[in-house]
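The structure appears right after this line, and notes come after that.
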Amino acid sequence: MKRILMMTIAAALLASCGQNNESTDPANDMTDSTAVVMSFYGETITPEGAISIAELKAQMATTDSLETKVRATIDETCAKMGCWMTVSLGENEDMTVFMNDHAFFVPKEGCVGKEAIFSGIAYYDTLSVEYLRHLAEDANKSMEEIEAINEPLAALSFDARGVIIEGVAQPAAEESHDDHDHEGHDHAEGEEHSEVDAD
C-alpha cells in the first residue's frame, strides 16, 4: 500500500513538472510583434536623450535658438510633399518642424497622433501672411481657411536634420520628389539660425 502511495505521489510530481515546462514566462515570450515599430528619415538619430515639449518651451524662454532633440505628438504633415509637419505645443498651439530645407521627407499621411523624435535647431521666427497661406495650401486647407489668414505669426519653429516616427513602418522606398512639383517652396523665412546654444 505504501509503495502504491509513493508511486502516485511521484507520478503527480512528474505531471506537475511537465506542466511547468510547457508554460512560458511572459518575460521570455517576447516577439517582434511587441517591439515598437519605427521609421527613420534624414540623418540617423536615436530616441535617447529627447526632451519633452514642456522642457523645450522652458529652455527657449531664455534663448532665440537651440540645438536639441525633441519628442512630440504629430498634428499634421505636409500633404503635398511631406516636407514639414506640425507638432502640438499644448494650449491649441503648434510648432512647424521643417525637413532641413527639403533634404528629406516624412510620409504625407498616416502620421497624425503618432509620436515623433526629431533632432536639429529650434528657433523663434515671424512667418508672413504669404508664407502661412503657403503652408495652409500644403495642408490642403479650403480657400476660405486660406483667405482667413491675414496676420503674420511669431512662432516657435524647428529645422530638423533627422526624424523618427513611432508607430509608422519604414517605407519600402522613398518617393521621388520633383522640385518642379513644388516650385518656390522655400522655408528660408526669417533669419539664419547657424549659431545656436548647444543642448
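The values are calculated or read from the model by the stated rules, or taken from the named source; none is laboratory data. A quick note: this is a predicted structure, and the numbers were derived from the prediction, not measured. Here the Cβ positions follow ideal geometry from the backbone for every residue, glycine too, while neighbour counts run over all protein chains shown.
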Practice task
Answer yes or no: is there a residue in the range 61-82 that is at pLDDT 95 or above, among the aliphatic types (A, V, I, L, M), buried (at least 20 other Cβ atoms within 10 Å of the Cβ) and under 20 Å from P171 (Cα atoms).
Solution key: yes
Exercise for the section: Would you check if there is a residue in the range 128-143 being acidic (D, E) and crowded, with 17+ Cβ neighbours inside 10 Å? Expected result: yes
Practice task
Return a yes/no flag: does the range 134-148 have any residue that is touching an Asp or Glu at 6+ places or on another chain (Cβ under 9 Å), of a type outside the set (S, T, Y), modelled with pLDDT of 85 or more and not in a strand (DSSP E or B).
Solution key: yes
Handout entry: Answer residue from the range 149-185, given it is acidic (D, E) and modelled with pLDDT of 50 or more and is nearest to V112 (Cα to Cα) among those
Key = E166
Exercise for the section: Of all residues in the range 117-132, count the ones that are farther than 16 Å from Y41 by Cβ and in a strand (DSSP E or B). Expected result: 7
Exercise for the section: Tell me, please, whether a residue that is in contact with a helix residue (DSSP H, G or I) (Cβ under 6 Å, 6 or more places away or on another chain), farther than 12 Å from A160 by Cβ and at pLDDT below 95 can be found in the range 92-115. Expected result: no
